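Quick note: the coordinates plus some simple rules give every number you see, no bench work behind them. Computed from a prediction, not measured in an experiment: that's the story for all the values here. Note that we place each Cβ from the backbone using ideal geometry, even for glycine, and neighbour counts take in every protein chain shown.
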Amino acid sequence: MNTPEFTQAIRTHESPLTSYAYSLTKDYHNAHDLIQETYFRAISNKEKYAQGTNLKAWLLTIMRNIFINDYRRKVKRNTILDKTENLYLINSSQDFAHNAAEDRFVMQDLQKAIKTLAPEYRRPFLRHYQGFKYQEIADEMRLPLGTVKSRIFFARKQIKEALKDIGFEYEA
């Protein structure tokens, strides 16, 4: 099948393509663009079409794949719209420096709260914070696993209360 015949065969399926494009995009202009892109890809890849197969299904598959790929591309891009003059907000994001002083204050408050814990709660909590598993802590301290878990739980609870008393609100 030569290109003019193939193009004419494609044009016979314009109505179902239009309906499907609109159902995907929910916008007349975007649907029209999707149809044009489908026609373009179909004509440029006509050698991949096996004559005698369902042309309409082939075109609808091309259209669906174009729509899915465009959607994924838009989601990945996740562009930020900046309506300020000279695109100030977008261009200034690299100019901000992280203020480590606030982090140091929070860490100091956290360390003070940990120091207020009784030793039987502090030690399992610190071991867990350092990355040890509950069972490893239980074996090291020669305590039942449930006791270690409850001490770590109560240590967290006491630390949250101590931080709340100094005005630090914990957000989980």
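Brief remarks follow.
- Sorted by Cβ density within 10 Å, fewest first, the residues Tyr71, Tyr134: Tyr71, Tyr134
- Qualifying lysines (Cα of each under 20 Å from Cα of Lys46; at least 8 residues distant if same chain): Lys56
- For Lys149, a cut-off of 24 angstrom between C-alpha atoms picks up these lysines, skipping any fewer than 8 places away in its own chain: Lys112, Lys115, Lys133, Lys157, Lys160, Lys164.
- Candidate cross-link partners of Lys26 among the lysines, defined by an alpha-carbon separation under 17 Å and a same-chain spacing of 8 or more, comprise Lys74.
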